[in-house]
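Bear in mind that the values in this text are calculations on the coordinates, not laboratory data. Everything numeric here is computed off the predicted structure, so don't read it as measured data. Using ideal geometry, Cβ is built from the backbone for each residue, glycine included, and neighbour counts are taken over all protein chains shown.
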Amino acid sequence: MDCCEKGYNCPVSAALKLVGGKYKSLILWHLLKGTMRFSQLKVIVKQATPKMLTQQLRELEADGLINRTIYPVIPPKVEYSLSALGMSIKPILEAMYNWGENYLQRKGVEINCGMK
C-alpha cells in the first residue's frame, strides 16, 4: 500500500515508513553491493530471525524498493536486488553511514561494517 494512502503526507514520515523497519535500512545497505540470496542476507543481518527477515523483505518488495526474482529450480532459488527506487536511496544510506561512523568514532567504538 502506498505511504500516501495511509496518511503519510509528511516527506520524513513517508521516508521513515519505507526504510524505518527494524532491519530495512540494513537490508538495503547490503543490497547496494549487489544481488543476494536469502541465506546470504540471513548471515549478514544475523540479529534478524528468519521470520522477521522475510517480513522485512516482503515489505520492501511491496513498497517497490527491492526486486524478488524466483528461479523455477529445485530447490527453489530466490534472489533479491535493489529496484531503481531502491538505488535512489544510496546517497541517504551513505550519509547515514558517515554520520554513524563519526558518532561511533567520537564514542571510541570500533566500526565493524564497511562501505566496501
Over 27 Å between alpha carbons, listed pairs 51/107; 17/46; 42/107; 17/90: 51/107; 42/107
Integer Hz, Karplus 6.51/-1.76/1.60 couplings in order for the stretch 16-21, x for Gly and Pro: 5, 4, 6, 10, x, x
Total formal charge among the other residues, if their Cβ is under 14 angstrom from that of residue 43, Lys/Arg +1 and Asp/Glu -1: +4
Whole-Hz couplings from phi, Karplus 6.51/-1.76/1.60, listed for the stretch 70-80; x for Gly and Pro: 9, 9, x, 10, 10, x, x, 10, 10, 10, 10
5 angstrom amide H check on residue 67, placed H, neighbours 5+ away: 81, 82, 83
Alpha-carbon Rg/Rh ratio, for the stretch 71-115, with Rh computed the Kirkwood way: 1.25
Net charge dipole size for the stretch 1-103 [Lys, Arg +1 and Asp, Glu -1 on Cβ; Debye, nearest 20]: 400 debye
For the chain, alpha-carbon Rg relative to the globular expectation (2.2 N^0.38 Å, N residues): 1.14
For the stretch 28-34, 3J(HN,Hα) per residue [Karplus equation, 6.51 cos²θ - 1.76 cosθ + 1.60, θ = phi - 60°, Hz, x = Gly/Pro]: 4, 4, 6, 6, 4, 6, x
